[in-house]
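The values are calculated or read from the model by the stated rules, or taken from the named source; none is laboratory data. Predicted model only: the values in this text are computed from it and were never measured. Cβ atoms come from the backbone with ideal geometry, glycine included; neighbour counts cover every protein chain shown. Please note that ligands, DNA and RNA were not included when accessible areas were found on the heavy atoms of the full protein model with its side chains. Shrake-Rupley method; radii C 1.70, N 1.55, O 1.52, S 1.80 Å.
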Amino acid sequence: HPRIEDALEIVQRMDGFLAAVLYAMDGIGVVDELPAPALTDGRTVSIARSTLDWTPDDLAFALAHEAGHIIGRHAMRLFGRQPAKWNVACDKAINRAILPEFPFSSPGNILVDEAEVPLSEEELYELDTAKHQDGPSRCYVVCADDAATRAVLKRVAAVVAAARAAGKGGGLLE
């Protein structure tokens, strides 16, 4: 889809590593309805059709955010935690990391870790669990299976190795 291609170009310009993760995936598809603007299963990223109305910068943010779930190996680190609360903690950590590079202006809530010192996903999860003993957070999670995440990370490593061999260093997809 042309809007996704435009957003991928922004991701590539802003952060070559996140772009490498997205290009190494099996695909980015548009789905009529999702419980969130975008989801990843570790092999693909699914974008809700309504998200295509976002600005290219905001769509780039959504793609970069999903790449952050793969890089953080969030599905593999779930370890019996409540999936919804774990996803909130992971979202906060990802968003804190990428917001300086990818300003997000679309309406709606964006979860950000507002602590003075960046906290790990595990620390954010424990804080959220301590604060909200009354039930799961309002979010959705689609977890990648370990094999899918490992396959994407293996393809990313191959892209990085090829870029280094071609003399492109850290600017993987320039």
**Message:** Taking the conditions exactly as written (among the aromatic types (Phe, Trp, Tyr), in a loop (DSSP other than H, G, I, E, B) and either surrounded by 21 or more Cβ atoms within 10 Å (Cβ to Cβ) or touching a residue at least 24 places away in the same chain (Cβ under 8 Å) (or both)), does Phe102 satisfy them or not?
**Reply:** yes
**Prompt:** When Ala48 is evaluated against the numbered criteria (1) closer than 17 Å to Ile98 by Cβ; (2) free of Cβ contacts under 8 Å to residues at least 40 places away in the same chain; (3) open to solvent by less than 20 Å² (accessible area, probe 1.4 Å), which criterion, by number, is the only one it fails?
**Reply:** (1)
**Subset of the stretch 51-99 [among the hydroxyl-bearing types (Ser, Thr, Tyr) and either touching a residue at least 40 places away in the same chain (Cβ under 8 Å) or open to solvent by 50 Å² or more (accessible area, probe 1.4 Å) (or both)]** = Thr55
**Prompt:** Considering only residues of the stretch 17-47 that are small (Gly, Ala, Ser) and under 13 Å from Ala60 (Cβ atoms), which is farthest from the chain's Cα centre (by Cα)?
**Reply:** Ala19
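Residue by residue, here is whether (1) of a type in the set (Asp, Glu); (2) at pLDDT 90 or above; (3) in contact with a helix residue (DSSP H, G or I) (Cβ under 8 Å, 6 or more places away or on another chain); (4) farther than 26 Å from Pro2 by Cα holds:
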residue: Pro37; (1), (2), (3), (4): no, no, yes, no
residue: Gly42; (1), (2), (3), (4): no, no, yes, no
residue: His65; (1), (2), (3), (4): no, yes, yes, no
residue: Ile70; (1), (2), (3), (4): no, yes, yes, no
residue: Met76; (1), (2), (3), (4): no, no, yes, yes
residue: Gln82; (1), (2), (3), (4): no, no, yes, yes
residue: Pro100; (1), (2), (3), (4): no, no, no, no
residue: Ser106; (1), (2), (3), (4): no, no, yes, no
residue: Val117; (1), (2), (3), (4): no, no, no, yes
